[in-house]
Amino acid sequence: MTRFNALFPLWAFLLAITAFFFSDAFSRLSDLIVPLLALVMFCMGLTLGKEDFQRILKSPKPVLVGVVLQFLLMPILALTLATMLQLSSQLTAGMVLVGSCAGGTASNVISYLAKGDLALSISMTITSTLVGVIATPLLCAFYLSETISVDRLGMLMSIVQMVLLPVTIGTLCNHFMPTIVERSQRYLPSLSIVIILLIIAIVVALNSDSLLAVGGITIIAVALHNLGGLAGGFYLSRLMGFDIRQSHTIAIEVGMQNSGLGVALALEFFSATAALPGAIFSVWHNISGSLLASAWGRKRDSLEYVIKDEQEFSTK
């Protein structure tokens with residue numbers, strides 16, 4: 001991972017501040033959010049090959065458990081926190097929407113840094129992305145039906161256009177044009193980060209007038225949502241018998257959402273205010289994920305060193 005990619009939370013913070021003070025320049029770009037997100041998902045598809053899908057079939061249990069935890073735990077946490085903190089209906093919709101989305105591609109990078117099970121991380125991201133095409137609109141309709149109208153069919157079609165089609169096209173390009181795609185692989189993470197940064201800036205600009213009024217409590221809600229997903233993913237997977245490395249990976253996948261999709265859907269079906277939790281989530285989950293990755297990575301290095309030392313001692 002390049003230094004630019006590693007400093008993503010810093011770039012997001014600086015660009016958000018810039019967008020807040022120069023909101024007119026960024027808010028004019030609001031129509032670009034959907035195609036920008038589709039481009040991110042296309043980049044994800046370019047990284048996928050048939051071996052990624054074969055791996056899911058060979059070891060389905062941890063993948064299925066992780067995906068079920070993600071779509072079960074995160075929407076419930078979102079609605080519970082929104083109710084406890086008395087968020088507005090639009091902010092509540094944004095929270096639930098983020099909680100109902102699939103895992104984000106940033107989770108794969110964080111799992112790698114945490115020295116987790118990278119194959120499991122990638123498998124969970126693929127599976128949750130495909131499941132989310134159906135699950136996201138259904139979960140939103142279920143949890144928000146009493147407070148706000150949800151266009152389930154419209155949301156389903158939008159997810160197909162923004163997620164399923166770009167990922168499928170990217171995967172097919174990787175399969176039929178592997179040599180060409182391989183040349184661009186090293187640039188894809190940085191390109192995705194630049195696109196997500198621009199989406200964050202646009203959402204901040206669209207909410208510049210109301211950000212000071214609702215920003216503080218929304219940040220608290222988003223932080224608790226993310227931390228609850230990380231903790232729940234870890235401890236619940238441990239209770240189900242998975243090892244530490246798998247549980248760390250599942251925790252990261254459950255707690256880190258495709259908040260860019262949440263932002264795009266919020267702007268299309270709700271309002272700019274509803275997109276605010278997704279924009280904050282994009283920044284926060286990378287900060288918390290990076291900190292966890294550093295701590296878990298060091299702990300795993302230390303543990304592996306101790307085990308290796310003991311093994312060498314026992315052979316003497």
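The values are calculated or read from the model by the stated rules, or taken from the named source; none is laboratory data. Note that the structure is a prediction, hence the values are computed from the model and not measured. All Cβ positions, even for glycine, are placed from backbone atoms using ideal geometry, and neighbour counts span all protein chains on display.
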Please pick out the residue among 177, 162, 124, 157 that is in contact with a strand residue (DSSP E or B) (Cβ under 7 Å, 6 or more places away or on another chain) and farther than 27 Å from residue 83 by Cα.
124
Would you mind finding the one in 92, 80 that is touching a helix residue (DSSP H, G or I) at 6+ places or on another chain (Cβ under 7 Å) and of a type in the set (Val, Ile, Thr)?
92
Residues of the stretch 8-49 being among the aromatic types (Phe, Trp, Tyr) and under 21 Å from the mean Cα position of the chain (by Cα), in sequence order, are 8, 11, 13, 42
Restricting to the stretch 88-118, give me the number of residues that are more than 16 Å from residue 237 (Cβ to Cβ), of a type in the set (Gly, Ala, Ser), in a helix (DSSP H, G or I) and more than 12 Å from the chain's Cα centre (by Cα).
3
Does residue 252 qualify as being closer than 28 Å to residue 299 by Cβ and either polar (S, T, N, Q) or surrounded by 16 or more Cβ atoms within 10 Å (Cβ to Cβ) (or both)?
yes
Being buried (at least 23 other Cβ atoms within 10 Å of the Cβ), polar (S, T, N, Q) and at pLDDT 80 or above: is that true of residue 247 here?
yes
Looking at (1) under 26 Å from residue 4 (Cα atoms); (2) touching a Gly at 6+ places or on another chain (Cβ under 9 Å); (3) polar (S, T, N, Q), which one does residue 80 not meet, given that it meets all the others?
(1)
Among helices (runs of 4 or more DSSP H) completely within the stretch 126-200, the ones holding 3 or more residues that are crowded, with 19+ Cβ neighbours inside 10 Å are 152-159, 165-176
Test: residue 78 is part of a helix (DSSP H, G or I), modelled with pLDDT of 90 or more, more than 14 Å from the chain's Cα centre (by Cα) and over 26 Å from residue 41 (Cα atoms)
no
When restricted to 276, 303, the only residue of a type in the set (A, V, I, L, M) and at pLDDT 80 or above is 276
Name the residues in the stretch 173-189 that are of a type in the set (A, V, I, L, M) and over 23 Å from the mean Cα position of the chain (by Cα), would you?
177, 180, 181
Condition first: in a loop (DSSP other than H, G, I, E, B) and of a type outside the set (Ser, Thr, Tyr). Now tell me which residues in the stretch 229-280 satisfy that.
240, 241, 242, 243, 256, 258, 270, 272, 274, 275
Assess whether residue 220 counts as being surrounded by fewer than 18 Cβ atoms within 10 Å (Cβ to Cβ), of a type outside the set (S, T, N, Q) and either at pLDDT 85 or above or not in a helix (DSSP H, G or I) (or both).
yes
Where residues in the stretch 190-218 are more than 26 Å from residue 132 (Cα to Cα) and β-branched (Val, Ile, Thr), which of them is nearest to the chain's Cα centre (by Cα)?
217
So for the stretch 7-19 (the condition being assigned to a helix (DSSP H, G or I), of a type in the set (A, V, I, L, M, F, W, C), touching a residue at least 12 places away in the same chain (Cβ under 8 Å) and surrounded by fewer than 15 Cβ atoms within 10 Å (Cβ to Cβ)), does at least one residue qualify?
yes
I want to confirm something. Restricting to the stretch 130-165 and keeping residues that are at pLDDT below 85 and within 17 Å of the chain's Cα centre (by Cα), which single residue is farthest from residue 33 (Cα to Cα)?
164
Which condition number in (1) free of Cβ contacts under 8 Å to residues at least 60 places away in the same chain; (2) closer than 20 Å to residue 253 by Cβ is the one that residue 146 fails?
(2)
